[in-house]
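Chemist: Below is the structure I would like to discuss, written out as structure tokens.
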Amino acid sequence: MTAVPPAAPSTAPPAGPAAFPLAFRIEELRRCSRRPALAPAPPGAVSLAMGEPDFPTPPPVIEAAVAALRAGKTHYADQKGLRELRAALAAGLPAHPGRTWTADDVVVTHGATAALAAVVLATVGPGDRVVIPEPAYSLYADLVVLAGGTVDFVPLAPDLHWDLDALAAALPGATMMIFSNPSNPTGIVHSEQELKALGALLDGSDVLVVSDEAYHRLVYPGHEATSALEIASLRDRTVYVQTFSKTYAMTGWRVGYLTGPREVVDAAAHVHRTLNGSLNTAVQYAALAALDLPDGVVDAMVDRYRQRRELVVAHLSGVPGLHLVPPEGAFYGFVRYDAGRSSEAVARELAERQVMVRAGAEYGPSGEGHIRISFAAADDDLRTGLARVVQHLGTARPR
């Protein structure tokens, strides 16, 4: 063997910062994702962009967190979540003939975001196809890309409910279908009949259904929320994802949970503990307090959202150049406009006019030509923002 002499000291100037290679998955995510990095509205602007209740967290929830901290509840919790919290959540799940829900069927997560991530990363691999009826919450597609799967977008029907014929063509051979109900961004509530029709389409298949029901308490007169867990043909294949964020005005507390087939729950729990570790202990005691709130606390917030929904419909109905399918649930309006410009361009134009909205293209190919507005905003901000939207987009003007 020939010895290699030591290299001579370099006389070149020190190199600049290294250009570290990034993983293929993050590069692919950056290429595909349309999700913006959100920031507070600039001074003078109003935001109709955030999917966040503008109400304060109910005081008993805050007091429970403070009491837990004072009692020394500051150490690691069970990585699946406090058993008493999981037991309380299990007790509130829809009845399942042949199965008794227990604490072991529930995983408490770092918000619904982490629940969705845990399920997708636990069950989707390279080449697996995931059906997403769209427009849809943009996180779903991003998670599938991150897991290496293939997104199969299926456009909705003109009324923004599912196109069952299109789903029938797309579902065979899929690994998963993900949807929200009520829907972000459309505000549609998928009915019991729709869910039963989906169950019939999936009969005999092994497609996993992920039902994100974050807005289940925010449903307006004439419509009724039905959980996928209540549908006999879906309950054994459904992963149910839920959060405290929307119902209890607890977005910053980051408490969500999931349940479903035990093997999927256990796999998702493994992913969640790997990525997140234990959830904040005191916050879980706050979540327990939220479950004990009187129904009237949530009902009062829902009634305010109902009034704001009526305000949105009144402001936008009949305006030339703007088209809105009235929201049935959640707190979003998905507004189609006639102006021949991209939704991202329109969102920028509205931002220049001091109203922040979300570009429809973020939510899938069919979202182009739309903007999403949130009416989880103070009444005065909502009126101001709607007036600016109408002023800018109220007629289809050539540019």
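The values are calculated or read from the model by the stated rules, or taken from the named source; none is laboratory data. Quantities reported herein were computed from a predicted structural model and do not represent experimental measurements. A quick note on method: Cβ atoms are made from the backbone with ideal geometry, for glycine too, and the neighbour counts reach across all protein chains shown. The accessibility values were calculated without ligands, DNA or RNA, using every heavy atom of the protein model including side chains. Shrake-Rupley method; radii C 1.70, N 1.55, O 1.52, S 1.80 Å.
Chemist: Run down Thr109, Thr100, Thr74 and say which single residue is touching a Gly at 6+ places or on another chain (Cβ under 7 Å) and not hydrophobic (A, V, I, L, M, F, W, C).
Modeler: Numbers: Thr100 fails: touching a Gly at 6+ places or on another chain (Cβ under 7 Å); Thr74 fails: touching a Gly at 6+ places or on another chain (Cβ under 7 Å).
Answer to the check: Thr109.
Chemist: Here's something else I'd like to know. Scan segment 118-130 and tell me whether some residue there is crowded, with 17+ Cβ neighbours inside 10 Å, over 30 Å from Gly149 (Cα atoms) and in contact with a helix residue (DSSP H, G or I) (Cβ under 9 Å, 6 or more places away or on another chain).
Modeler: no
Chemist: Also: Can you name every residue in segment 349-399 that is basic (Lys, Arg) and at pLDDT 95 or above?
Modeler: So in segment 349-399, the residues basic (Lys, Arg) come out as 353, 358, 372, 383, 388, 397, 399.
Passing the criteria: Arg353, Arg358, Arg372, Arg383, Arg388.
Chemist: Another question about this same structure. State the number of residues belonging to segment 79-90 that are in a loop (DSSP other than H, G, I, E, B) and hydrophobic (A, V, I, L, M, F, W, C). Lay out the reasoning, then the answer.
Modeler: Looking only at segment 79-90, we keep the residues that are in a loop (DSSP other than H, G, I, E, B), and these are 79-82.
Subset that is hydrophobic (A, V, I, L, M, F, W, C): 82.
Result for segment 79-90: 1.
Chemist: So the check is Cβ under 6 Å with 6+ separation or different chains; which pairs have a first residue in segment 149-163 that's closer than 26 Å to Leu121 by Cβ and a second one that's part of a loop (DSSP other than H, G, I, E, B) and among the hydrophobic types (A, V, I, L, M, F, W, C)?
Modeler: As it stands, the answer is Gly149/Val124, since those pairs meet every condition given.
Chemist: If we scan segment 201-217, do we find a residue that is under 18 Å from the mean Cα position of the chain (by Cα), farther than 27 Å from Ala300 by Cβ and not aliphatic (A, V, I, L, M)?
Modeler: No, there is no match, as no residue in segment 201-217 is under 18 Å from the mean Cα position of the chain (by Cα), farther than 27 Å from Ala300 by Cβ and not aliphatic (A, V, I, L, M).
Chemist: Let me ask another. Being in a loop (DSSP other than H, G, I, E, B) and in contact with a Ser or Thr (Cβ under 8 Å, 6 or more places away or on another chain) is the requirement here; does Leu93 meet it?
Modeler: For Leu93, the condition - in a loop (DSSP other than H, G, I, E, B) and in contact with a Ser or Thr (Cβ under 8 Å, 6 or more places away or on another chain) - is met.
Chemist: Let me ask you something else. Kindly provide the set of residues from segment 92-111 that are of a type in the set (A, V, I, L, M, F, W, C) and more than 24 Å from Asp78 (Cα to Cα), ordered by number.
Modeler: Scanning segment 92-111 gives a single hit, Ala95.
Chemist: Please enumerate the residues belonging to segment 128-161 that are within 18 Å of the chain's Cα centre (by Cα) and in a loop (DSSP other than H, G, I, E, B).
Modeler: Pro135, Ala136, Tyr137, Leu156, Leu160, His161
Chemist: Only residues in segment 276-304 that are closer than 14 Å to Arg83 by Cα count as the first member; pair them with residues that are of a type in the set (S, T, N, Q) and buried (at least 22 other Cβ atoms within 10 Å of the Cβ), Cβ under 9 angstrom, at least 6 apart or cross-chain, and list the lot.
Modeler: Leu279/Thr109
Chemist: Taking only pairs six or more apart or across chains, which ones have beta-carbon atoms under 7 Å, a first residue in segment 188-200 that is under 14 Å from Ala232 (Cα atoms), and a second residue that is modelled with pLDDT of 95 or more and polar (S, T, N, Q)?
Modeler: Filtered contacts from segment 188-200: Glu192/Thr226; Leu195/Thr226; Lys196/Ser233; Gly199/Ser233; Ala200/Ser233.
Chemist: Tell me which residues, restricted to segment 255-290, are of a type outside the set (S, T, N, Q), part of a strand (DSSP E or B) and open to solvent by less than 20 Å² (accessible area, probe 1.4 Å).
Modeler: Those that are of a type outside the set (S, T, N, Q), part of a strand (DSSP E or B) and open to solvent by less than 20 Å² (accessible area, probe 1.4 Å): Gly256, Leu258.
Chemist: What strands (runs of 3 or more DSSP E) lie completely within segment 291-391 and have 1 or more residues being open to solvent by 50 Å² or more (accessible area, probe 1.4 Å)?
Modeler: 322-324, 332-337
Chemist: Shifting gears a bit: Could you check how many residues of segment 226-249 are farther than 16 Å from Ala197 by Cα and either surrounded by fewer than 22 Cβ atoms within 10 Å (Cβ to Cβ) or in contact with a strand residue (DSSP E or B) (Cβ under 8 Å, 6 or more places away or on another chain) (or both)? Break it down stepwise before answering.
Modeler: Step one: filter segment 226-249 for residues farther than 16 Å from Ala197 by Cα, giving 239-249.
Subsequent filtering for residues that are either surrounded by fewer than 22 Cβ atoms within 10 Å (Cβ to Cβ) or in contact with a strand residue (DSSP E or B) (Cβ under 8 Å, 6 or more places away or on another chain) (or both) retains 239-245, 247.
Qualifying residue count for the region: 8.
Chemist: Something else: It is to be established whether one or more residues within segment 309-318 are among the β-branched types (Val, Ile, Thr) and over 28 Å from Ile371 (Cβ atoms).
Modeler: No, segment 309-318 contains no residue that is among the β-branched types (Val, Ile, Thr) and over 28 Å from Ile371 (Cβ atoms).
Chemist: Note down all Cβ pairs under 9 Å where the first residue falls in segment 339-365 and is without any contact (Cβ under 8 Å) to a residue 40 or more places away in the chain and over 23 Å from Val154 (Cα atoms), the second is of a type in the set (Lys, Arg) and assigned to a helix (DSSP H, G or I), and they're at least six residues apart or on different chains.
Modeler: What qualifies is Arg353/Arg388.
Chemist: I've got another one for you. Find all pairs meeting these conditions: Cβ atoms under 8 angstrom apart; at least six residues apart or on different chains; first residue within segment 40-51 and assigned to a loop (DSSP other than H, G, I, E, B); second residue open to solvent by less than 60 Å² (accessible area, probe 1.4 Å) and of a type in the set (S, T, N, Q).
Modeler: Final answer for the pair search is Pro40/Ser47; Ala41/Ser47; Leu48/Ser374; Ala49/Ser374; Met50/Ser374; Gly51/Asn184; Gly51/Ser374.
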